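Notes follow once the structure below has been shown.
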Amino acid sequence: MNSITLRFLAEPSTVNFGGKVHGGTVMKWIDEAGYACASAWARRYCVTVFVSGIRFHRPIRIGELVEVEAHLAYTGNTSMAIAVEVRSGDIKTGHLHRTTECLIVFAGVNAEGEPVAVDKWTPETPGEVALARRAKAQLDAARSAG
């Protein structure tokens, strides 16, 4: 499985002082969806290694439908780059807006927590090829800056 979508309603327990969902809560959702996607691909436990380019476009309001979509974007020897997009909106209309996006790298690990090889993923559609190029460019830029 190279993608997963989580859907749920934004609950009052996630509210910040401004009356919107906490950014940290959104980051938790992103990590959960990314983990589910990475673990499904690797068929094993995975750990978060790196988070890149998180961008908050608009707030999420309590009661909105939230959709967190994670796609495998690139694979290395032991790691997987997962592109995650969060959308939210009125459940009655079904119209959702992009709220947040980022790229997360996960590593597949064994019982001792050591990295292990993961299956190579080859993009097939034009959209997957473009996503893989963007992910690799973002990761290369992060490596050269660090």
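I want the local charge near Gly89. Using Cβ-Cβ distances under 15 Å, sum +1 for each Lys or Arg and -1 for each Asp or Glu among the other residues.
On the way: positive: Arg7, Lys20, Arg58, Arg61, Arg87, Lys92, Arg98; negative: Glu64, Glu67, Glu69, Glu85, Asp90.
Charge balance in the 15 Å sphere: +2.
Taking amide H positions as placed 1.01 Å from N in the peptide plane, with prolines and chain starts having none, which residues 5 or more places from Thr99, or on another chain, fall under 5 Å of its amide H?
Counting only residues 5 or more places away or on other chains, the set is Val86, Arg87, Ser88.
Residues with beta-carbon under 14 Å from that of Val26, excluding Val26: net charge, scoring Lys, Arg +1 and Asp, Glu -1?
Values: positive: Lys20, Lys28, Arg55, Arg58, Arg61, Arg87, Arg98; negative: Glu11, Asp31, Glu32, Glu64, Glu67, Glu69, Glu85, Glu101.
Surrounding charge for Val26 is -1.
Mind ranking 96-108, 15-27 by how tightly packed they are, going by the mean number of other C-beta atoms within 10 angstrom, highest first?
Numbers: 96-108: 21.0, 15-27: 14.9.
Descending mean neighbour count gives 96-108, 15-27.
How many lysine pairs does the chain hold where the Cα atoms are under 25 Å apart and the two sit 8 or more places apart or on different chains? Before the final figure, lay out the partial values.
Values: Lys20/Lys28; Lys20/Lys92; Lys28/Lys136; Lys120/Lys136.
Eligible lysine pairs with Cα atoms under 25 Å apart amount to 4.
Work out from phi, with θ = phi - 60° and the Karplus expression 6.51 cos²θ - 1.76 cosθ + 1.60, the ³J(HN,Hα) of each residue of region 115-130, listed in order in whole Hz, and give x for Gly and Pro.
With the stated coefficients, region 115-130 comes to x, 10, 4, 10, 4, 6, 10, 10, x, 10, 8, x, x, 5, 4, 5 Hz.
Can you run phi through the Karplus equation (6.51, -1.76, 1.60; θ = phi - 60°) for region 85-94 and list ³J(HN,Hα) in whole Hz, with x for Gly and Pro?
3J(HN,Hα) across region 85-94, in whole Hz: 10, 10, 10, 8, x, 6, 5, 6, 8, x.
Amide H of Ile60: which non-local residues (sequence gap of 5 or more, or other chain) have their own amide H closer than 5 Å, using H built in the peptide plane?
The list, which skips near neighbours in sequence, is Val21.
Separation of region 73-144 and region 1-58 by C-alpha centroid, Å?
So the two Cα centres are separated by 12 Å.
Write down the Å³ per residue value for the convex hull defined by the alpha carbon atoms of the chain. Could you put the intermediate results ahead of the total?
On the way: hull volume 18.8 nm³, N = 146.
Per residue, the Cα convex hull of the chain comes to 129 Å³.
Which residue fluctuates the most in the chain, going by a Gaussian network model with Cα springs under 10 Å, if the choices are Ala132, Ala70, Ala81?
Fluctuation is largest for Ala132.
At Met1 and Ala145, where each label point lies 7 Å from the Cα along Cα→Cβ, what is the point-to-point distance in nanometres?
My value for the distance between the label points is 3.2 nm.
List the residues whose amide H sits under 5 Å from the amide H of Trp121, counting only those 5 or more places along or on another chain, with H placed 1.01 Å from N in the peptide plane.
So Trp121 has HN proximity to Thr75.
Quick check: net charge around Ser13, other residues with Cβ under 15 Å of its Cβ, Lys/Arg +1 and Asp/Glu -1? Mind dumping the intermediate values first?
Values: positive: Lys20, Lys28, Arg61; negative: Glu11, Glu64.
Charge balance near Ser13 sits at +1.
Values quoted throughout were computed directly from the atomic coordinates according to the rules given, and no laboratory measurement underlies them. In this text, all values refer to a predicted model and were calculated from it rather than measured experimentally. For neighbour counting, all protein chains shown are included, and Cβ atoms are generated from backbone atoms with ideal geometry for every residue, glycine included.
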